[in-house]
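First up is the structure itself, then whatever we jot down about it.
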Amino acid sequence: MKFRAIAAVVVGVALVTGCADTPKLAGSAAIIDGKAISAATVSERIDQVRSQIQITDPGLVSAVPSLVQISQRSVDHFVLHALIEEAAKREGINITEQDVVSYREDIFAQYTKDAIEAQLVTQNAVPTTGVDEFMFEILVQRALMEKFAPGGTKAAQTQALIDYITNLSQEIGVELNPRYGKWDPSNLMSTPGDKTLSVPLPVSLG
């Protein structure tokens, strides 16, 4: 069971804190195209993910992510969502609420709701409250891939999407709070900062 993704998740991230080393980023987790994503918003997402993992069926979890993994995946998600929204706007991609609902229900029917929610929360740091947002992102990515490389192979379409989002990321600018590391536009993910810590998630799933 695989979802299309424009960036792979790797281990390691700066531990989430509310402070920044520069006044511009004080209170922010990231600034994208001049717009801030607050550290409080990311922290709330992390708390939701951790709480949901606590009650997820252990049989549906292949691996329990560490706190630093959850932190990285959370901040990466917010950055990528902003980039995908901007790409959709620029390229005239219109995904309706009904499109999202229909796609989500198809996925749930194919793999079961519990299995999908377990995968999203443990592998993508997406809690139940963010499932529709995630489905929206997938639909936009699919539309962009077909637009950039119509009829092309999956590999060609994926590369076309990566190239586009990478260039967009560099054009509009993505800056992370140093506590979260630095944004790597070539890989479309954050990279560890100087204060990276490896903190295991204090939860037992088996």
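Could you tell me which residue of segment 83-142 is surrounded by the fewest Cβ atoms within 10 Å (Cβ to Cβ), considering only residues that are over 21 Å from Q69 (Cα atoms), of a type in the set (A, V, I, L, M, F, W, C) and free of Cβ contacts under 8 Å to residues at least 40 places away in the same chain?
So the residue we want is A109.
Restricting to segment 25-70, name every residue that is in contact (Cβ under 8 Å) with a residue 24 or more places away in the chain, touching a Gly at 6+ places or on another chain (Cβ under 9 Å) and exposed (fewer than 13 other Cβ atoms within 10 Å of the Cβ).
Once the filter is applied, which keeps residues that are in contact (Cβ under 8 Å) with a residue 24 or more places away in the chain, touching a Gly at 6+ places or on another chain (Cβ under 9 Å) and exposed (fewer than 13 other Cβ atoms within 10 Å of the Cβ), segment 25-70 yields G34, P58.
From (1) more than 21 Å from V126 (Cα to Cα); (2) in contact with a Lys or Arg (Cβ under 9 Å, 6 or more places away or on another chain), pick out the condition that doesn't hold for L176.
Status for L176: all satisfied but (1).
Taking segment 83-112 on its own, how many of its residues are in contact with a Leu (Cβ under 7 Å, 6 or more places away or on another chain) and either of a type in the set (S, T, N, Q) or not in a helix (DSSP H, G or I) (or both)?
Adding up the residues that qualify gives 2.
Given (1) under 30 Å from K182 (Cβ atoms); (2) in contact with a Ser or Thr (Cβ under 9 Å, 6 or more places away or on another chain); (3) part of a helix (DSSP H, G or I); (4) hydrophobic (A, V, I, L, M, F, W, C), where does L139 come up short, assuming only one miss?
(2)
Q170 versus (1) modelled with pLDDT of 90 or more; (2) surrounded by 13 or more Cβ atoms within 10 Å (Cβ to Cβ): which is the lone unmet condition?
So the condition that Q170 fails would be (2).
The values are calculated or read from the model by the stated rules, or taken from the named source; none is laboratory data. Being a predicted model, the structure only gives us computed values, none of them experimental. Because the Cβ atoms are built from the backbone with ideal geometry, glycine has one as well, and the counts that use them run over all protein chains shown.
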